[in-house]
1. Which of the residues that make up the stretch 197-224 are closer than 14 Å to residue 178 by Cβ, at pLDDT 90 or above and more than 12 Å from the ligand (Cβ to nearest atom)?
2. Among the residues of the stretch 225-245, which ones are surrounded by fewer than 24 Cβ atoms within 10 Å (Cβ to Cβ) and either within 16 Å of the ligand (Cβ to nearest atom) or of a type in the set (D, E, K, R) (or both)?
3. Output the residues belonging to the stretch 231-246 that are of a type outside the set (Gly, Ala, Ser) and under 21 Å from residue 28 (Cβ atoms).
4. Among the numbered criteria (1) at pLDDT below 70; (2) within 16 Å of the ligand (Cβ to nearest atom), which one does residue 167 miss?
5. Could you please give the count of residues in the stretch 55-72 that are more than 19 Å from residue 240 (Cα to Cα), out of contact with any His (no Cβ under 6 Å at 6 or more places or on another chain) and touching a residue at least 12 places away in the same chain (Cβ under 8 Å)?
6. Need pairs with beta-carbon distance below 7 Å; first residue within 18 Å of residue 211 (Cα to Cα) and within the stretch 85-108, second of a type in the set (Lys, Arg); sequence gap 6+ or separate chains.
7. Taking residue 150 as the residue in question, decide whether it is within 16 Å of the ligand (Cβ to nearest atom) and at pLDDT below 65.
8. Output the residues belonging to the stretch 246-263 that are within 15 Å of the ligand (Cβ to nearest atom) and either in contact (Cβ under 8 Å) with a residue 40 or more places away in the chain or farther than 14 Å from residue 10 by Cα (or both).
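The values are calculated or read from the model by the stated rules, or taken from the named source; none is laboratory data. Keep in mind it's a predicted model, so treat the numbers as computed, not measured. Glycine gets a Cβ as well: all are built from the backbone with ideal geometry, and neighbour counts include every protein chain shown.
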Amino acid sequence: MSSVAAARTPLFEAAGLALYRGDALAVLRSLPTAICDACVTDPPYGEHAASWDGPRCREWYVAWMREVDRVVVPNGPILTFAPRRRFDVFMSALREVRGDPPEAPLQMIVWVHRQGFRPAPGYLRPEHEAIAVSGLLRVSAEDALAERPGRGAVPSASRLAGAADDPDVLGRTVAATVGTVLATHRTRRRDRTGHPTQKPDDLVRLLVALAAPPEGIVIDPFCGSGTTLLAAAALGRGAIGIDRSMRACHIAVGRLRSAGVGP
Ligand SMILES: C[S@@+](CC[C@H](N)C(=O)[O-])C[C@H]1O[C@@H](n2cnc3c(N)ncnc32)[C@H](O)[C@@H]1O
């Protein structure tokens, strides 16, 4: 696996994985061009919406997406969770950076978790998150599923329709191909790290398996508790993670060490 070395010193580096603590834009700008095969990320929702006004929020999306586009090989896959409330702004930023050419089409996955919290009066209960997919996937769905990322995700919308409350069906792979609707449980209690927006290992593993070829390198500029790095390690990919929170970085390093990565 090629090196993931950059101009900065990572907080943690082992087995083709590097974790940088810092602002995503600043660290991305320090990385060489086209060193990654794909990006799988889960940017902060709300934080910037709260402190930046609308137009500047879009500016920030465009700024980090441009940097991700630069560090990923041309038209390499970028899979990113997208904020529900600013979905239109987010998608238009992604379209501005990447366009929608046949070699890098825009697609969308709906991740159904069906465990939404009680909403404020007048709001619908949130039961899904959108994952924007830009760029042709490097790995076929069959190959990605063959890597058996955990218990897998459920790619069949029709199966889901009859299985909304059946925990035995949610979370089981029921089709040989990956569709635009994936369902999993939220992160299981025993896997929780205390990071408030930790994503399920099974789901992120499937995204990494789809996006990055074996031994390729995936970047996550908002890596939180390190779920993408763990997925990469489990699947024999390299990874670069960035997070500005020292607490999140410590959680990520702890998880990697518990998984037997690094000293
Ligand atoms: C939605 S969470 C990612 C959760 C992650 N997918 C997981 O499974 O743990 C977003 C992360 O972005 C980090 N973050 C927020 N603003 C950032 C910035 N400007 N640069 C780098 N990281 C940032 C937060 O500290 C948070 O951990």
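1. Selection gives 211 alone.
2. Matches in the stretch 225-245: 233, 234, 235, 244, 245.
3. Within the stretch 231-246, 237, 240, 242, 243, 244, 246 meet the criteria.
4. (2)
5. Adding up the residues that qualify gives 3.
6. 104/98; 106/95
7. It is true that residue 150 is within 16 Å of the ligand (Cβ to nearest atom) and at pLDDT below 65.
8. Scanning the stretch 246-263 gives 246, 247, 248, 249, 251, 252, 253, 254, 255, 256, 258, 259.
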